[in-house]
Every structure is written in C-alpha cells, then in structure tokens.
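The values are calculated or read from the model by the stated rules, or taken from the named source; none is laboratory data. Predicted model only: the values in this text are computed from it and were never measured. No Cβ is skipped: glycine too gets one built from the backbone with ideal geometry, and neighbour counts run over all protein chains shown.
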4 protein chains.
Amino acid sequence: MLIIMRHDAEPAEIERVCAVIEEMGYQSRPMPGRQRTTVGLVGNDGRVDGSRLAALPGVAEILHVTKPYKQVSREWRAEATVVELPGGLRIGGEEVVVMAGPCSVESEEQIIAAARAVRAAGATILRAGAFKPRSSPYSFQGLGRRGLDLLVKARNETGLLIVTEAMDAEGLELVADAADIIQLGARNMQNYSLLKQAGRQKKPVLLKRGLSATIQELLLSAEYILAEGNPNVILCERGVRGFDSTTRNLFDLSAIPVVKGLSHLPIIADPSHGTGHRDMVTPMARAAVAAGADGLLIEVHPQPDRALSDGAQSLYPDQFARLMIEARQIAEAIGRRIALPVEAVA
Amino acid sequence: MLIIMRHDAEPAEIERVCAVIEEMGYQSRPMPGRQRTTVGLVGNDGRVDGSRLAALPGVAEILHVTKPYKQVSREWRAEATVVELPGGLRIGGEEVVVMAGPCSVESEEQIIAAARAVRAAGATILRAGAFKPRSSPYSFQGLGRRGLDLLVKARNETGLLIVTEAMDAEGLELVADAADIIQLGARNMQNYSLLKQAGRQKKPVLLKRGLSATIQELLLSAEYILAEGNPNVILCERGVRGFDSTTRNLFDLSAIPVVKGLSHLPIIADPSHGTGHRDMVTPMARAAVAAGADGLLIEVHPQPDRALSDGAQSLYPDQFARLMIEARQIAEAIGRRIALPVEAVA
Amino acid sequence: MLIIMRHDAEPAEIERVCAVIEEMGYQSRPMPGRQRTTVGLVGNDGRVDGSRLAALPGVAEILHVTKPYKQVSREWRAEATVVELPGGLRIGGEEVVVMAGPCSVESEEQIIAAARAVRAAGATILRAGAFKPRSSPYSFQGLGRRGLDLLVKARNETGLLIVTEAMDAEGLELVADAADIIQLGARNMQNYSLLKQAGRQKKPVLLKRGLSATIQELLLSAEYILAEGNPNVILCERGVRGFDSTTRNLFDLSAIPVVKGLSHLPIIADPSHGTGHRDMVTPMARAAVAAGADGLLIEVHPQPDRALSDGAQSLYPDQFARLMIEARQIAEAIGRRIALPVEAVA
Amino acid sequence: MLIIMRHDAEPAEIERVCAVIEEMGYQSRPMPGRQRTTVGLVGNDGRVDGSRLAALPGVAEILHVTKPYKQVSREWRAEATVVELPGGLRIGGEEVVVMAGPCSVESEEQIIAAARAVRAAGATILRAGAFKPRSSPYSFQGLGRRGLDLLVKARNETGLLIVTEAMDAEGLELVADAADIIQLGARNMQNYSLLKQAGRQKKPVLLKRGLSATIQELLLSAEYILAEGNPNVILCERGVRGFDSTTRNLFDLSAIPVVKGLSHLPIIADPSHGTGHRDMVTPMARAAVAAGADGLLIEVHPQPDRALSDGAQSLYPDQFARLMIEARQIAEAIGRRIALPVEAVA
C-alpha cells in the first residue's frame, strides 16, 4: 500500500503517517519525490484496510499495490482450477462446456422437451430456474420445489446435468440437494450471507457477475466462497448495466480475458442475459468462445413465444443447433473443443 | 402497452399480435401510421409481461405506457406517506430528519460518545452498523448481536432512535426486535426474499438504492415490501456506480425530485456513502436538503482516524455541528425545518 | 410518435395536445385506455421534434416510434453498403478487412518497418496517426503534415492503403488528399461541423463511436455525413466508458450485431483502444470476427516498449501474425474470409 | 509515478525498468515489499507518459502519483481565479452569478422578451444559442450570425451580458466578437483544435463538461486553454451520461466540491441540461447553490410550449422568479450572495 502525501504536507504529518503504520504492525518507507513524498507500507499480506490512513491530515490519496483477494488470484496459484462434475465433465480445462435450457421451469412437458432439444444439439448441462428473482412482485416467480423435482426428472430422462439458481438460505439447501451446480444470480453477488453458506457446502457454485460489479468485486465475492472451504467456483459474465437501452445489458466480453489474467477460476458467458435479444445471442455466443470462455449459458425454449419469462431472448431449438455447429469450429480455431455429452465421455 | 411493428410487417403478423393479445385476455387496438402500425394493448392494469409479444415475428419493439409498480406510485395515491416513529418523530412530512453516527458500532465507549455528539448537534436518530456487508471477507464484519445491544444502550442513554442494517433472515429478526428502523442496504436492494420478510413485519424499513438501480427498480423493490403489507418504507439515495473514480460513488441527487414526482414515499439522502470523502459530505448534505430530501443519513465518528471502517468519509463532531447550522437555514429557505429531538417534541 | 397522457389528464389537456399536433401539420389519433389516454401523432416522416409536445400540461411522456435517422437505416434500405476502395478492396461485403499499424507515425524508419510487418502478416490497410488528439496538452501531439508524407511513402513501398485521423477543418483537407480513408475519432463523433465537411468530400469516412455515444447517436452522426452526400461511411466500435478501471474502456462488441440489425453500413472493431491492454487484444480481435465485424483496426508497433503513445496496447509483430492465422479460421467458421492484399485481388 | 512489478518479476526485469527510467531522464527508486517490488520514478514534473514503461515485461501496473495537469491545479495555485467581466461582474468570488435565457435565439421578439424576463427576476447574464449542436441533422440548427446580432440587440436593450456557444473555428471568431463569454459545449470538450483557438483569444471561456468526461479530463481540457495563454476559464457541470433514462442526464453535483478541491478555477452548474425536466430544474438549481457553485446556467423561455428546442426543460418566467428568491436565501445560508445586475454594481 502506498500513501501519497499532498505536495504541501508538513514533515510532522508525514511522521504521523509513519507512526500510524508502525502502530498497525507494518513498516513504513517514506520516499521523497521532487513534488511530494510517498510513504510505502510494507510487510503486509494484502489485507490492510487503508481507511484509517486516508483520514490522516496531509494525505492526498491511498494507492493499493496488492490486490485485496488472495485465494482466487492467479498470481498466487498459476495453475487453472478445473471443476470436476459427475460423469467426468470438467469446466476450466481444454473443453468448452455448453449449458442450455429455458429461463424457467414451466411444466413437465416444457422442461422435458427443452432438455431433449438441447441434448440433441450437443449441450451437456440443462439450465432452468425454479426460484426466479424478478424485479416486479407481480411477475411469474417460478415453480419453486416442484420446479426442482421436474429438473431431476429431466436429468433422469436425458442424462444432462443440472444448474439452477438459489435465492436464499432455504432455497440453497434444496438446490444443493437436487442440482449438480448451484447458481448464485447477479442480484445476489454481494449477498455475503448466501456466499458464505455456499462456501460451506460441497456442490460447485456458478457465481454470476453483478450488474455493476467490477472484476475485483466479482473476485472478492468468489473469495468469500473459497474462504469458507469450497474451491469449486465457476464465474459467469452476463452483462453489466450500460447507458444504451438498445440492449438489455452491456455484455462485457472483455471480462473473459481479464479474469483469465487475474484468476485461476474458470469463467463462462451468458449471452442471453448479456444482450436480451434473440438475434444477438448467436453472434455473441460465438464471440464468447473466440474470446476464450470456458463455457456458455444459453436460453433455449421449445416455444419462445409462449415462454412465461425471457421469451424475447430465448433461441428456437433449431437456432441453437446451428450455433453449436459454428461454436465447434471456432473452438477448434483456438485449440479447444466443445465438451461432449457425459455418456460419450464415460 | 404498445407493440410497435416493423414498417415491413405483413398483415398476417399484425393479426397474430392482435390474436395473442386477445388470448392473453386484453383488447387490441391496431393503429396504422404513415410508416408503420402500432398495436395498443388496452384493458390491462399495468402488470402485463410483454416478453411473449416481443418474441412474435414482425414486432420491432414493445413500449410500456403504464409503470409496472402500483402501490408506491403517486399517480395512484397523491398524498405523501408519513412514517410515524416512537416519540412523535415523523419522516415524510414538513420536517427534515437527521440520522447520524459512525459506520460501525466498535465499542461501548465509541458508540456512546458518538451518540452524545450527534445528539448535541441536533440529530434525532442514531445510525451505526452491527452487521456489516464488506466487499472483502478479510475486512471487519461488525460486532453482530453485541453491536445491537450497544445500540440499545446508546438509545437508553441519549433518547435517540436507532436505525441499523439487516443482511439476512436471521439478522432481520434481531434488528426488528432492537431497532426503530430496519435498514436494507444497497447490495440487498434486489434480495427479494429479504424484501418480502421485511414486508411481513411491522417496523419501518429504510431501503437504500442499489449501486446501479434505476429509479423504477428502486420503486419496484419498495413495491415488494408494500405488497406484503408494510406501508412504512423510506427510500434512500446513497450514490450510484459512476465512471469517475475521483469519488467513491456518483451521488445522484436528482433522484430526490424524481422520486418525489413518481412516488408518495419519503426519500432521504446519504452523502457519506454518496461521495466517500469527508470534504464533500458537508456541501452535498446541504445540497440534499436544498433538493428536497426528507432526511439525511450522515457518518460521524468521534475519532475518524481510528475508525475500523469508512474513516475517510466520517465527519468530525464539530464539522457535523457546523453542518447542522447551515442545514437549518437551508431548510427554512424552502419552507421546511430540521426535526427536533424527540423529547422536545413530546 | 406517441404522447402518453397522465392518468388524471383533463379532457381539455388531451384536446390541446391534439390541437398542437394538427397545428404542427400532422394528424392526431387519441386512444383511450383503461388507465390513461395515449395520443398517436401520425403522418410524419420520422423527423418530428417532440419537445414542444412534452412541455404541454397533462403529458406524462413522449415515446418515439420512428427512429430519428433515415438514410443510414436498414429498415429503409435492406441491402448492405459496400465501400469500394482503390485496388478492388471492399468493406462491408463477405470479406473481413484488417487495418493495422502503430498508434502514431513517429519516424520514417518506424512507419516503414511497421507497414512491412503488418503487410507480411496479411493486413491490407495501414493505420497510424499524424494528427493525435491527446487528453493532455503535454503529450506527444503527432508529426502533423510530415506524418502524412511518411504514410504516403509507406503506401508507395508496400501497396497498403492508408487510414488516418483528421481533427479539424484544415486537417481534414490534408487527410482527404493523402489518405484512402479519413478517420474521425471518438472525441469528434459529435463535432457536427467536421461531420458536415466530411460529408461534402469524396473519400470514405471511418467514424468511430464516441466514448459514451448510444448506437442511435452513432447512427445520427453517420446520418450527418450521408445527408451531405457521402454514402461511404464505415462505423467503428472502439470501447465505451465503463465503471471498471481494469480496462481502459468497455469494449462493447454487442454493437456489431446491433448495428447490423439497424443499419446497412459496415462496422469494424478496434480491440486495441477497446481494451487498452496488449494481452486482451488478441482474444477480443478474435471475438470481433466471430461477432460479425466487417473489419479490424489493430495497433501493431515494431517496438512497443519504445512507442511514443499507446505502447501498452500495441501488439508485437509476431503476436499480430499469430492473430491473423486464428482470425482466418474464425472467419471461415462463419462463412466469411479475411480480405487478401490488394495486388493479390487485382 | 510508481511502477508496480508482478510478484514473480525477475530481478533482470526490475533492472530493465530502472534502466528505462534513467534513459528517459529521471531517477529510479526500487522499493522491495514483502510481496512485490515497487519502483518509484522521481525527478519528474508531472508530465511523464508511462505507456512505454507499462509495456515492459514484469510490470503489473503503473500508478500516477502526480496529476497530469498543472496550471489549473489548486495544489500549485491556492488562490481562486476570479474572472472579471464588463461592468464589474465577477465569477469565482463570493458572489453567485446567474445566467439565464432560452435554449436558442428564435426571433427578435422572443429573445428580447426572454432577456427582459430574466433581467426582471435578477439574472445578470443572458444565455441563448445562435449555433446549435443537435444530434439529428434534421433538428433546428440555430439562426447563426443573425442570432448573434439579436443577442447584441438584447444586450443593448437590457444591459445583460451575453454567453453563447461556438462550435467551430469560424464560429468562435464570430462569437468572440459579439459575446462576453464564449461557451464551448459538452460535445466539444475534447475538440483540441477549438480549445487551442479559444486559448489564443482574450474573451473568457465557459467550458462545459463532456457527457462522459472524468473531472481529470475536464481539467486537462481547461489546461489546453490556459497553456495557450487564456487564464479566464469557467467550468460547468451539466450532467453526465447515466444508466437511467428517467432523467436526460445524470446531474453530477458532486463535481462542484471535487473541482473546488482540485482546481482554482470557478465552476457553475446547468440544472436544465443536467436534468432535462422542468420540474427538476428548481430543486437542482437550489442544490447547486447549496453545494457551492459559483453560478447557475438556466433555461428560461417566455413560452416553453412554443420553443423550437428544449421546451420541456425550460422554466416559465414566474418559476424562474420564484427560484431566484429561494436561491438568494440559500446563498446567504452559506455566506454568499447572488450577484446583482451590472448597473447596480457600477
């Protein structure tokens, strides 16, 4: 940590900064420059709260040299985390894993039809919400427990693994029992109680980036889960808040290489929420694979114009099948491949 | 709701849109223009989910004419909500209510000193966190239950009312028992499980705007609380995510008149989190009163340079006292006044 | 255009809105709904300024049904614009055109070395700035006219076409004489005097999206150029202002499919400015091709650590060569190909 | 400037960084920490371009300790700049100066009526555009030279000073001849050719903050003007691009105290463009005075519902008169006063 002093800081002010640093248990290294003095705080392990120093007279600014996260950092663990799933599916290795399905579980007929369609096109994990976070209290809120039962049924019928969202403590226990991956949604990315609970159980966690979360905040939220003992975290870019309402969100694909540089955790992309428009899902899904994403999360509905939620951004099954063909070629162009269905692997 | 058709939409596509509208239980009103046809959906009560229509062929765009919130809307209830607190304090009326205190409860000595200082300057409600949402798992997380006990002690000693944050289901029960107002923080603004729980108990709720929440999303989150039966919601502007790191957040003071126009709920301002710098708190607190805020939420610490959190944005007690003098004059300039301590009222 | 009335609007207020519409020369179509009346303005050609109507009593909101741009709109001209360049190079057709080179022309040696390197790897157009817009008056401002001379020399030596930026009226004339494509930079996207001048000359224009420009604003700026008579506009996504300083800008790749849907103009991508970090340029350049960009604009410097500007985001020549190989394969995966050097075409 | 090395940087990489720093003419000061080495670059005067260093292997990040601007900085000149205008009016001192008038000059009758109305309420400077930057080429573009003539007529009739916008080199000469203050608009904040020209003439310049400009970028643009010899720059906050379309822009009032802390230049506020809605102009104008603005720029139109531009955000004359009364009291509450008309001063 570096404490930048004002150019007109008094010597006594600089001494006080040094004294407070020593009092906090670290060493201080004043470095006088031509215009101003900078004081280095050394001997820390990256977890210093600088607000006390920022409040001292004569201090212009605090600069953080060390990132506040540790266990998720690639600087401290160079080797990529590979999340192992039942049947031998792996996320974070050479393969690109495709998760697809409708926004919500709506009925047995719908979820089975969706599962079969995405399975036929080559997806290996089924996505669909049983508990739905909706901005309006008057929108469809999901089928709840019954939705989870239907997902289990779909897994039994198709062999697809299941990822689905948990919104609170009670739901997280239910989802952890039923699903193969627990999704924590964008709106809960900084719900620290939920993050801690997810860190204390065994299932892998898919953590979606919050709507205005910086990459550092995303990594700190993942750090909460690792700090509680669960190393199996998959990050997900799903669009951030932008200023242009032409798209539902601003799909920040650069997050893929940024996260790859800073962390060893796998990261996938959700172009359906990232764009909000069916016509943009295919090009942006292709782009995500080209950018190096470890997986895709895509909304596919057997009948988008009858969907109870997110109809406008759901692909038709045949659009999804075409996308899978292009995605395979793009993965190969960069030396990867799309993961095959579990049975084929086993 | 209006469905804008593409200029080259086929008559059959327009008919299908009308048919789906009728199937949904509403009436359709096609309106051919010189360039394109617009179809009105009428007979709805503002709660239509348009995604099914957006997915139909030939549709260019969906425009919402009616806002998706209802109970919080000023269009439907013109009279301002006034939240009544113990001892006769009222938020949302003519008076401007000042809530002040440290970021966190740190010790008995600290919270009592802070309470006395803000009481002496004219605050009527004590703010301080017992449960702290921190972006890093390694930052100080608050004293928890013991923090609540110390807040109760401070109330007994000073007569100040208490507002403090709840972060999860268990914490909300504890805070509802101890505090006069339950704060739901910015990171939990769309934690719908927590909003519903807050709506099912009796204490007033201070709902902070999320870091990238639109005003409509803030009002929809308040709608969740009202929809469960609790009408006593106080909104709070505390800064949104901006692109300029000179300030911690971008303090969106325009939210005050915007909310006043759209909703009957009271709204207060938090210039401490809104700016993140002590030097900016006083001018922006004055500005908030001038803009019409129903209250202020301000961080004051007896010794900011020893604070365990948010030291850099906490006022010194004497700065707060000067601010209160200016705030009183500004309130008078616009025909309001700063609320007096409860005893004086009784 | 639709005028949404407040739910409590008086009949006289609705009548006045209709009267003003008629006075403006259009027809009004009031449409009473269950909650409020909407008044349609019909008979317009998309160029109505609604501010006068927005100011009338009883009006809640104005909704624009017709986009304010026309000549650039795909709704009005479905066929893609293909910009024809000397030697048969075409932008906007099946081929993906790669423009590469250093940020600035620094010396004859540097620009010739850069031109040869990007030519060898397969680029067809040389990019480099002679006039440099820099946020600080103390940064290197470019070589000016001498820079243009050196670019012409590089074209003569390598056969590459030239794209370079003009910043003002005088510079635009010089650039139009020397270059094959005139670049208008992000900071000048709404410099309307410059846009009009660019529209009155004959060379194709590369118009970069402003740092916080919506897609509609970008298209309106292009409309300025077309309205003056120059149909050869190439749009360019180069990153928008974001809230996360991890990257220099937020590279909005979704702009590619959005623009393809709304306009017939070609659009290319600049991943160098879009990200600001060398390590991210390659993945995001690949992603841009996968998303459907009609070209790439990439900074390549023979010696990035000696660059006078933008060294940190410039590729080394061998990195660029590897990128070209991957880009070719990705283009093929989506049925396109990278444009070959002009001579090979001829 | 500080160069943060990666924690696994090789000694040779650190040595190379030091060598490059020395080669650039500065001194290097390596500071090994527990986790990584930081290299200080000292002996510079704040104008170092760090991109060359950022490109070296082993470098994690560059941190700027010294701000890139100088002449506008309060650190280097503590005393406030006070801009002196004809008749003794001063901007940047104790008085708060009110500039008001219509968005555009539309006709002699309109501008004289507007001038008389704002004069009667207490404004001292007349604002109105002769050259109008409009996002659409089909919107009203202003009366041009004739507009300037009408402004001069209004000054002769009322004694008000004049501020009006220049959009290009030719217009700037005309405006400099006719007006008392030259306005450079938000879209031209980084039009460096225009900034330099404004710096080479004598009239004071009102520089509006760009739609997504950081405070540092705003100050750097002002630095361009000062660097050319014109010290009389007045900054203006007019709203930045936000994510919520409820308001036209996001009015960033915090910019007032931020600029006051960083620079000695005066700063005024434009709540009309800052909000875009008439109902919000009055509360936000009051807030701007309370926040410490040195002036207000407000749109007032004799007949807003007949305005050719910005009708929806223009105050009626009687609303403006009421605002002036409140503004006077708020100015007094913070120890300032609203500037009186020039004649009264003389």
**Q.** Matching entry among B:185, B:199 (being among the small types (Gly, Ala, Ser), touching an Asp or Glu at 6+ places or on another chain (Cβ under 7 Å) and buried (at least 22 other Cβ atoms within 10 Å of the Cβ))
**A.** B:185
Q.
Quick test for you: out of B:272, B:254, B:314, pick the one residue that is touching a strand residue (DSSP E or B) at 6+ places or on another chain (Cβ under 6 Å), modelled with pLDDT of 95 or more and of a type in the set (Ser, Thr, Tyr).
A. B:272
Q: Residue by residue through segment A:144-161, note down the ones that are in contact with a Leu (Cβ under 9 Å, 6 or more places away or on another chain) and closer than 18 Å to residue A:302 by Cα.
A: A:150, A:151, A:154, A:155, A:158, A:160
Q: Confirm whether residue D:282 is closer than 23 Å to residue C:52 by Cα, within 9 Å of chain B (Cβ to nearest Cβ), assigned to a helix (DSSP H, G or I) and hydroxyl-bearing (Ser, Thr, Tyr).
A: yes
Q. What number of residues within segment D:311-343 satisfy the criterion of being in contact (Cβ under 8 Å) with a residue 24 or more places away in the chain, of a type in the set (A, V, I, L, M) and part of a helix (DSSP H, G or I)?
A. 9
Q: Give me the pairs, please: first residue somewhere in segment A:292-309 and facing chain B (nearest Cβ under 8 Å), second residue anywhere and among the charged types (D, E, K, R) and part of a loop (DSSP other than H, G, I, E, B), beta-carbon distance under 8 Å, and either six or more positions apart or on two chains.
A: A:307/A:106; A:308/A:106; A:308/B:49; A:309/A:132; A:309/A:134; A:309/B:49
Q | Filter result for residue D:322 (within 14 Å of chain B (Cβ to nearest Cβ) and out of contact with any helix residue (DSSP H, G or I) (no Cβ under 6 Å at 6 or more places or on another chain)) | A | yes
Q | Candidates D:105, D:83, D:118, D:97, filtered to the one that is under 30 Å from residue C:71 (Cβ atoms), away from chain C (no Cβ under 14 Å) and buried (at least 17 other Cβ atoms within 10 Å of the Cβ) | A | D:105
Q: Out of the residues in segment A:121-154 that are crowded, with 19+ Cβ neighbours inside 10 Å and part of a helix (DSSP H, G or I), state the one that is farthest from the other protein chains (Cβ to nearest Cβ).
A: A:154
**Q.** Selected residue (only one of D:88, D:92, D:58 is more than 14 Å from chain C (Cβ to nearest Cβ), surrounded by 16 or more Cβ atoms within 10 Å (Cβ to Cβ) and at positive phi)
**A.** D:92
**Q.** Some residue of segment C:30-42 being within 11 Å of chain D (Cβ to nearest Cβ), closer than 27 Å to residue D:102 by Cβ and buried (at least 19 other Cβ atoms within 10 Å of the Cβ)
**A.** no
Q) Hey, any hits in segment D:186-206 for a residue that's in contact (Cβ under 8 Å) with a residue 12 or more places away in the chain and closer than 21 Å to residue B:283 by Cβ? A) no
Q. Any idea which residue in segment D:137-168 is farthest from residue D:197 (Cα to Cα), counting only those that are in contact with a strand residue (DSSP E or B) (Cβ under 9 Å, 6 or more places away or on another chain) and charged (D, E, K, R)?
A. D:155
Q. Yes or no: residue B:206 in contact with a Cys (Cβ under 8 Å, 6 or more places away or on another chain), at pLDDT 95 or above, surrounded by 22 or more Cβ atoms within 10 Å (Cβ to Cβ) and under 22 Å from residue A:189 (Cα atoms)?
A. yes
Q.
For segment D:241-265, give me each residue that is surrounded by fewer than 24 Cβ atoms within 10 Å (Cβ to Cβ) and among the polar types (S, T, N, Q).
A. D:245, D:246, D:247, D:249
Q) Taking into account only those residues within segment A:285-307 that are on the phi < 0 side of the Ramachandran plot and assigned to a loop (DSSP other than H, G, I, E, B), which is modelled with the lowest pLDDT? A) A:307
Q | Any helices (runs of 4 or more DSSP H) falling wholly within segment C:159-268 and containing at least 1 residues that are within 13 Å of chain D (Cβ to nearest Cβ) | A | C:169-178, C:192-199, C:215-227
Q: Restricting attention to segment D:61-72, report how many residues are within 7 Å of chain C (Cβ to nearest Cβ) and polar (S, T, N, Q).
A: 0
(Q) I'd like to check something: does segment D:9-16 contain any residue that is within 11 Å of chain C (Cβ to nearest Cβ) and outside any strand (DSSP E or B)? (A) yes
Q: Check segment A:182-191 and report whether any residue there is in contact with a strand residue (DSSP E or B) (Cβ under 6 Å, 6 or more places away or on another chain), of a type in the set (S, T, N, Q) and farther than 29 Å from residue B:70 by Cα.
A: yes
Q | Unmet requirement for residue A:185, which otherwise passes all of (1) more than 22 Å from the chain's Cα centre (by Cα); (2) closer than 20 Å to residue A:301 by Cβ | A | (1)
Q. What number of residues in segment B:213-248 are of a type in the set (D, E, K, R) and out of contact with any strand residue (DSSP E or B) (no Cβ under 9 Å at 6 or more places or on another chain)?
A. 3
Q: Could you grab the pairs with beta carbons closer than 7 Å, sequence gap of 6+ or different chains, first residue in segment A:215-228 and farther than 19 Å from residue A:200 by Cα, second one of a type in the set (A, V, I, L, M)?
A: A:215/A:255; A:215/A:258; A:215/A:259; A:215/A:262
Q: Go through segment C:98-116 residue by residue and tally those that are part of a helix (DSSP H, G or I) and either at positive phi or of a type in the set (D, E, K, R) (or both).
A: 3
**Q.** Only one of A:28, A:51 that is without any contact (Cβ under 8 Å) to a residue 12 or more places away in the chain and of a type in the set (S, T, N, Q)
**A.** A:51
Q: Could you tell me whether residue B:332 is at pLDDT 95 or above, surrounded by fewer than 23 Cβ atoms within 10 Å (Cβ to Cβ) and within 7 Å of chain D (Cβ to nearest Cβ)?
A: no
**Q.** Evaluation of residue C:269 against (1) on the phi > 0 side of the Ramachandran plot; (2) surrounded by 24 or more Cβ atoms within 10 Å (Cβ to Cβ); (3) not β-branched (Val, Ile, Thr) (one fails), failing number
**A.** (1)
Q.
Of everything in segment A:313-339, what is of a type in the set (A, V, I, L, M) and under 23 Å from the mean Cα position of the chain (by Cα)? Give them in sequence order.
A. A:315, A:323, A:324, A:327, A:330, A:331, A:334, A:338, A:339
Q. So residue A:53 clears everything in (1) in a helix (DSSP H, G or I); (2) modelled with pLDDT of 95 or more; (3) within 14 Å of another protein chain (Cβ to nearest Cβ) except one condition, right? Which one?
A. (2)
